[in-house]
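Derivation of every value follows stated rules applied to the coordinates shown; laboratory data play no part. Just so we're clear, the structure is a prediction, and the values are computed from it rather than from any experiment. Positions of Cβ are generated from backbone atoms using ideal geometry, with glycine treated the same way; all protein chains shown enter the neighbour counts.
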Amino acid sequence: MKIGELLAMELEQESIATRKVIERLPDDKFGWKPHEKSMELGPLASHVVNNLGWTGITIETDELDFAGMEFEAEEFTNSSDCVAGFDSALSKALGQLREVSDEELMKNWTLREGEKVHLTLPKAAVVRSFVINHGIHHRAQLAMYLRLNDVPVPQIYGPSADEPDM
């Protein structure tokens, strides 16, 4: 099995729970945040969707320089548009992972801000950390936002207090 296929399987599996969380986001709470230092629910959900785009950026480039980057993140204002955006971005990311060669995924990729290098890792490690793990991290935040707004939290890795049976 190719590395990209393995990463695609992992991303696809994690996306099942992520989609469940996004589906439950209350449209009237997209401007809500639990603390002044926290991100609002809508921008956080949008970030989860837009984060999938890092798959292609990582595969198609060898470096990203924040200092010279022009990026327009898509902003979603309701859960149904967010789910549609997620499904589209996921489909594209999965296709990119299934097509990329092991050789390409083993090439180094650098994240920098001008002269300051934040990291250099093989592209496979960047996909794992900046796409998959990063998405899991923000999914957990969104699940907590659900809890704090009395919205039932779906099962993620097993039963939740709201869905005790698997």
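Give, rounded to the nearest 20 debye, the magnitude of the charge dipole that region 68-166 has about its Cα centre when Lys and Arg contribute +1 at Cβ and Asp and Glu contribute -1 at Cβ.
It works out to roughly 420 debye.
If I take every Cα pair under 8 Å that is 6 or more residues apart in region 1-116, average their sequence separation and divide by the length, what percent do I get for the relative contact order?
Working: 120 pairs, mean separation 48.0, N = 116.
Here the relative contact order equals 41 percent.
Dividing the Cα convex hull volume of region 61-110 by residue count, how many Å³ per residue is that?
Working: hull volume 4.5 nm³, N = 50.
In region 61-110, the Cα hull volume divided by residue count equals 90 Å³.
Determine the dipole magnitude for region 3-148: charges of +1 sit on the beta-carbon of Lys and Arg, -1 on that of Asp and Glu, nothing else is charged, the reference point is the Cα centre, and the result goes in debye to the nearest 20.
For this selection, approximately 680 debye.
Please list the non-local residues whose amide H lies under 5 Å from the amide H of Ser160, H modeled 1.01 Å from N, same-chain partners needing a gap of 5 or more.
Residues meeting the amide H criterion: Gln155.
Using only Cα atoms, find the angle between the long axis of helix 134-148 and the longest principal axis of the chain, and express it within 0 to 90 degrees, rounded to the nearest 10.
Once rounded, one gets 10 degrees.
Which order results if Ser91, Ser160 are arranged by neighbouring Cβ count within 10 Å, fewest first?
The fewest-first ordering by Cβ neighbours comes to Ser91, Ser160.
Could you tell me how many degrees, from 0 to 90 and to the nearest 10, lie between the Cα long axis of helix 79-99 and the main elongation axis, the longest principal axis, of the Cα atoms of the chain?
With both axes taken from Cα atoms, the answer is about 30 degrees.
Based on alpha-carbon centroids, what's the gap between region 50-123 and region 13-29 in Å, whole number please?
Here the two parts' Cα centres lie 21 Å apart.
Going by alpha carbons, how many degrees (0 to 90, nearest 10) lie between the helix axis of 41-51 and the longest principal axis of the chain?
30 degrees
Please find the FRET efficiency linking Lys2 to Asn133, where r is the Cβ-Cβ separation and R0 is fixed at 22 Å, and quote it to the nearest 0.05.
0.60
I want the antiparallel fraction of DSSP beta bridges within the chain, as a percent rounded to 5.
The answer is about 65 percent antiparallel.
May I ask you to evaluate 6.51 cos²θ - 1.76 cosθ + 1.60, the Karplus curve with θ = phi - 60°, for each residue of region 152-165 and list the ³J(HN,Hα) values in order in whole Hz, giving x for glycine and proline?
x, 8, x, 4, 10, 9, x, x, 10, 4, 8, 10, x, 9
Restricting to DSSP H runs of at least four residues, report the calculated mean residue ellipticity at 222 nm for the chain, -39500 (n - 2.57) per run over all residues, nearest 500 deg cm²/dmol.
-15500 deg cm²/dmol, from helical runs alone.
Where in region 58-79 does the amide nitrogen come within less than 11 Å of the point 7 Å from the Cα of His118, taken along Cα to Cβ?
64-67
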